[in-house]
Each structure stands twice: as structure tokens, then as C-alpha cells.
1. Give the range of the longest stretch in chain B that excludes all chymotrypsin sites (Phe, Trp or Tyr not before Pro) found in loop regions by DSSP and having at most 16 other beta-carbon atoms within 10 Å.
2. Which loop GluC sites (Glu not before Pro) in the range A:305-382, with loop taken from DSSP, have no more than 16 other Cβ atoms within 10 angstrom of their Cβ?
3. Taking beta carbons within 10 Å but only from partner chains, what does the mean come to for residues B:220-228?
4. Name the chain B residue with the Cβ nearest the axis that maps B onto A: which is it, and what is the distance in angstrom?
5. Have a look at the range B:213-356 and give its Rg and Dmax from the Cα atoms, expressed in angstrom.
6. Mind listing the long-range amide H neighbours of A:GLN353? Cut-off is under 5 Å, sequence gap 5 or more, other chains count too, H placed in the peptide plane at 1.01 Å from N.
7. Between A:PRO309, A:PRO209, A:PRO179, find the one with the highest GNM mean-square fluctuation for chain A; connect C-alpha pairs within less than 10 Å.
8. May I ask you to report, in nm to one decimal and beginning with the shortest, the distances from A:THR311 to the same position in the other copies, taking label points 7 Å along Cα-to-Cβ?
Protein chains: 2
Amino acid sequence: MHTPPESLLGLCQHMARQAKTASQELAVASTAAKNAWLLASAEALQKQSSVILQENAHDVATAPEFGLNAAAIDRLTLNEKRIAAMAEGMRQVAALPDPVGEVREGSIRPNGLEVLKVGVPIGVIFFLYESRPNVTVDAAALCVKSGNAVILRGGKEAQRSNSAAYRILHELLPQYHLPESCVQLVSTTDRDAVGHFLRMPQFIDLAIPRGGESLIRRVMDEAQMPVLKHYLGNCHVYVDSAADLDMAERIVVNAKCQRPGVCNAAESLLIHADVAAAFLPKIGAALRNAQVEIRGCTETCRVLNFAKPATEDDYGTEFLDLILSVKVVFTFDEAVQQIRRYGSGHTEAIITQDYATAKRFTKMIDAAAVMVNASTRFNDGFELGLGAEIGISTDKFHARGPCGLRELTTYKYIVLGDGQIRS
Amino acid sequence: MHTPPESLLGLCQHMARQAKTASQELAVASTAAKNAWLLASAEALQKQSSVILQENAHDVATAPEFGLNAAAIDRLTLNEKRIAAMAEGMRQVAALPDPVGEVREGSIRPNGLEVLKVGVPIGVIFFLYESRPNVTVDAAALCVKSGNAVILRGGKEAQRSNSAAYRILHELLPQYHLPESCVQLVSTTDRDAVGHFLRMPQFIDLAIPRGGESLIRRVMDEAQMPVLKHYLGNCHVYVDSAADLDMAERIVVNAKCQRPGVCNAAESLLIHADVAAAFLPKIGAALRNAQVEIRGCTETCRVLNFAKPATEDDYGTEFLDLILSVKVVFTFDEAVQQIRRYGSGHTEAIITQDYATAKRFTKMIDAAAVMVNASTRFNDGFELGLGAEIGISTDKFHARGPCGLRELTTYKYIVLGDGQIRS
């Protein structure tokens, strides 16, 4: 679809302005109204699944034109079970506590002022994502529950599926007295629209990109408002000299293989030299059995003849695939240095039975999640107890790690006095 | 001082790289070491005050060349009392709890994983400020206590005073086993250095500008890392129809006059029409008595013949002076609309004895601090119980309102397991 440049800017401005107004209404909407809409939408999604499936079939049919490979087409394809999962996601968000109005701290000052620090929505969120149509539903649910108006911009490959799901949720808003413009889907697939929205900090308070590196880079470069992003997940597992090697094997295999295409999968294995002779053949066999390609240091390749030599680049790569870089380190400090140099601040794990070493690792390593004797795969909103998440932040500012409902809010101070003045 | 462009970039890169390394050491420094340095620095500042005063005298002597007016020269001028206040500020920071290592939340998950959300430093902070030399000491104290390495860049007008104070603090760092590069002062006054630092997101995690609008705009435009800023403080006091008018008078006078040059001073007064006839003459006399210039709406000017007519611009202006815009509003909603349109999200106050109106105001108004029956001047780190502050954020992201030690930190998840894997 082609829109003339002027009217495209006008369209984007109109949407953003509408979102801003809607956000002020939504910020004071009741938890009951938001939950009722979530539950009604979940039901409607399932009842009207045939409409979504029909539109999805069109997207799937044209997917090869957009160059999608088989795995991407699989992620794009919906069926009754996947729609049921989308609906279930909305019900789970309804069940979570409302972060808006939550009193996070409070005190009475010596002069009698009562100070409350209260959760409030951020305002308007511009959410950009690729391919998977379930993200449309997830993002709408999380944003509305946290009181934020959202402008959704999905991938063009999923445009018809996204629109179908969106229409179902959207048309239910007025019934629950929620402002119609609190959820909007960008209907044009014109890439320039993204640039326009990213240059409207007066209307949009936060941009959240969810997708590949090029999308995220574009948003980082162009956004004039804060960005909450998941960037790279180059996660390490360090098997210490005091590791329980059976446990280490289970965790490494799980961290690498349980779902290799996701951000909290392990990409690099560090093994202390003291246990390399015992552990390398053991883990080598297990990984080979799981079809994992090993790219190893000299020592690794010496012991495992099927390993390929690792390049410098391999240690810095998020493979998102059944590939693992492996390096033998001679000291704890070398492991820390390697993680500091190549890690992306996402998830770093140590396997050790030594108390002091475990403590030192959690202190020295700065990442969104630092794990001791557990799989990197646990860095996830549900697993850490935050409920549904909109993504896992690799930023340090505002929110780090899994971003659930509370991370989609900010706070304000409410100060209740009875005539206090400053002297 | 002129530095050739290439070596200037090299110098900035060197400083930033040193700061990054220092930040990793400082992040794991003990609270005892940081506090000992703060206390020793406070003592040294007072003992070596003559050195600071001597350098400050040079700055003051050359101040007129930089176009500083009398008020600015007064703010630049140090004396024994002001140095004692700087030292006292450091002692107060030493007495505050360390936000690093603070366990903010924690839970044991059903699978036995122990999840801790722990306070950690942000990393490297680039702190830019103008004129007042005490800010050098305040910023160094707050950044080091919160575990952040800091690159300080003060105004050229205060360069000699800043350097003198900096040298005293800096030379004490090794004695307390703190990394030398955790506090650095930019010694060149070349403006290009600022641009270089703002384009080093790989080394610098956060930029904090503190100063006038043009400095803040420059940082917003050029920074490639997050920015924590205090922008504008266009604060309103709304005198409701149910206000106690004596209390309203005390609060308005205090909010406007107690320190008119600061961000939490009131800039605009809204009066409900029902009480305008009673309140306008009363507050008019009090403000006139305090030498406040009133720029009013038609109704205000009709009642107060000494008031000047307000322009549209006046309602949007942060005067930072003994000037107040005044508008009579006919409904509560009109007051809310006026604040939403012209307010800067800093501090907004209502004066009312009506319970429901007070509740509605705190709900409808989105600002860092929303006050009921109290002076806007209370939006301040000390007054709200946070201790010393590095500024008052008008942003919504990461931190809002007064930014103390905790707001200079982020968090990480520490996950303690005993072999858990995901199924």
C-alpha cells in the first residue's frame, strides 16, 4: 500500500495525538474495566477464530514472496490451538495484579506530610514487532492492563492476521468504557511511517522494538524518545573447577538445546582447565548426540576431534541455532574476563559447588540475570515470577531483564499535607 | 585551552575507557571503603579550603569576562561557610544507606529457584553542569556512593574552583582502595569534548545534564546513551472552590516567593471562579507586598488593577523569578486541562478541603509530584525523605522526581539453583 508522503505524516500524527488523549483516559480506567475487556477479548478471539484463520491463510500463502523460510512460515502460521494460547495469554494478564495505583513506598515526614510513591502508566507506547501474530494480542493486553495507550506496528508478512486479531479486540473497547484509540494498529505497511512515529516524542513516551538486529538498530538510531529493547543474548555457561559435572552436563544441554532459537539459550561454554579432561569428552558426546556443532578453542579441538576451530567472531556471536562456542579457561578470572568482553549483559551462569566461587561470580558479573547452578533458560518473566512479559531488556536503564506489567509503568509522588510550607 | 581535534577525541576516549574499567572495580567496592573516602574527603576539603578559595578568587575575577551577572557571580563565589556546607553534604551522603547490594525483592519459585532482585550501579555517568562549584563535590559523592564511575564536566567559569576541589577528593581515592579513575574531571574547556563523550555509548551508560535549557537541549539532541534530566518546572497551584483561603494564601506565597529561582517554585496560579472574588484581592495584596509581578487573565486584571494582562506565552513560561501568571477557571476540569496543557510534569498542587476533589486531582494529574494542601517547594529529595539528590527528573523513564542514590542504580536478578533445567 502506498500513501503519499504528506498524508502519511498526517495520518501518523493523527494516530499519535489520538493515542495521547486516549492514554489520559486509560490511565484512570478501573482495573475491573480493563480485566473485563481482557476476558471478553479472549473469548471473542476464540469465537471468531475462523476469521483470523482465514486471513492468516492469505498471509501464509504470500509469505514465500517476502522471502520467509520454513521456520518463519511455521511461526507465522496460526491454528485453533495457537489462537487458544493467545486467548489464554489474555486471561493470564487479566489475572495479574494491576500495577497502576500500586503504592510502592510511603512515609510520613517529620512535618506531617504524607508521601506516597504510586505506580502510574508511562503514557503512549509505540510497539514494533516482526512476523508472529500472537505478539499483537500479547502487546495489546500488557499495554492496556498497565494503563498505556499503544500503537502497534507489526510485520508486513503478518499484516492480515494482525488486522483480524486487532479488529476483534478493538471493537470491544467501547463496551467496557475504554477509549477506542488506546489500542491502534498501523494499517499502512509503508516503512516511512515508522520513522514518523519515532520522531514524535511529544506524543509517544516509549518505543519498544521486538525483532531482529536491523529493526532494533533502526529504532536506536532514529528514536527521539526512550527505547526499551532486547538487543543481543550472548549467554555463557561457566563450568567451574568445583562443578558437579553431571549437573553441568544437564544444564549445558538444556541451556543450549531446549529452545536454541531464543535469547536466553546458551551460546558459549567456558570450562575450567582443571575439569576439562573429565568434562570435555562427556559434554562433547552429549552435544554431538543433540546435533550441536561445537566451535572450540585449541584445547577443545584437541580433545574433541569433531569440533571446528572457533574464530574470534564466534565468541561474540549469538547463534540462535544448534551451535556452541567452547573455550577452556585457566582461572576463574579468565572466565570473568571472557564474559565481560563477549557477554551481552543478558544471562550468565556458573556451575559450581564452591560457595565462595558462587558468591564471587554473582558479585563480579553484571548481567540482567546471573545464575548459579541453573539453566540460562530461566531468565524469563514467567519463570522469575513476574507473569507475562513484553520482552527481556538488555538495557540497564528503567528496566532490566524480563519486562512485565510493572516494568511498563513509572511512578509519581502524591504528597498529602494540611497547609505545610517551607521555611 | 585549545586541543587539536584528533588528540581531543583520543583524550576523551582514554578517559571514557578508564572510567569503564574503574566502574567494574567500584561496583564491587565495600560500603565501608566508600564511606571512609567520603568522610576523609569532607575533612580534607575543609582543611585545604585556602587552596580552593585561592583558585575560586581567580574564577570570580574573570567571571565578568564570561558575561556572568551579579547573581551568577554570587553563586560562583565560595567562602569558608560554603566549603563547610560542601563537606557537610559529603558527610550526609556517607550516612545514607548504600543502594548497591540492596535486595529489593525476592522469592522462591515453585521449582526451588531462589530469585533475588539486587541493586547494582548503572556503570559510567557523564555529568555536565554549569557554574556552581559545589556541584562537583555533590556529584562525585553521590556517584561514588552509588558505585558509579563519573566523568565530571563543569562550566568554564568555575574551572579553577572545580579543579581545586576535584584534586582534593581525587588524590584520596587510592588510600581507600578505590580506583583512581572512578572520578575524573574533564580538564579541557573545549566544547567539542562534550560531543565526543555523548557519542560513546560503549563506555558511558548515562548522561546527566544539570543547567540551563540550551545545555539540556544539546545533550538531548546529541546523546547516544540514556539521559536523565531535569527539564522545565512550570508548576501550578490550583485554589479550588473548597479551599481554606488563609491556607491557600500562605502556600501560594511560599511556593512563589520562598526561593523563586528554583524549579519547584510555582509559576502559575489557577483560582476557581467561586472563590475568585474573595481570594483575588487577598492574594493580590500579599503578592504585591512580596514584590511579585502578576500577569493575569481578564478577570484577574479586572479585580487587580496593578496586574498586567497575561499572554498565551506567559502560561507556558518558567519565570524563575518574582513573576506569576494567574488565571480564573470556571470548573475543576478547566484547571486540569490548563495544567495538562501548560504543565511540565514537575510539581502540581491543589488547595482544597474537599476530600473527593483532592482525590480526583491526585488521580487526574500526571506529574512527578502531585501535592494536596502543601507548597510545591516540597518536591525535593531531602523533603520527600530520599536524602541528597543529583537533580529532579521531569522524565518518566527510569526515575521521576527527586533522584537520590537509589535512582542512580539499576538492578540485576541473581538466581540461585541446585541443578534446575527447563522442561
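Just so you know, all these numbers are worked out from the coordinates, no wet-lab data involved. All figures in this text were calculated on a predicted structure; none of them were measured in a lab. So basically every Cβ, Gly included, is an ideal-geometry build from the backbone, and we count neighbours across all protein chains shown.
1. B:1-305
2. When the GluC sites (Glu not before Pro) of the range A:305-382 are filtered for loop state and at most 16 Cβ neighbours within 10 Å, nothing remains.
3. So the per-residue partner count for this stretch is 2.
4. Residue with the nearest Cβ, plus whole-Å distance, for chain B: B:HIS398, 2.
5. For the range B:213-356, the Cα radius of gyration and maximum Cα-Cα distance read 15.7, 53 Å.
6. Amide H to amide H, under 5 Å and 5 or more residues apart or across chains, A:GLN353 pairs with A:ALA242, A:ALA243, A:ASP244.
7. Among A:PRO309, A:PRO209, A:PRO179, the largest GNM mean-square fluctuation belongs to A:PRO309.
8. Its label point is 6.3 nm from the equivalent points in the other copies.
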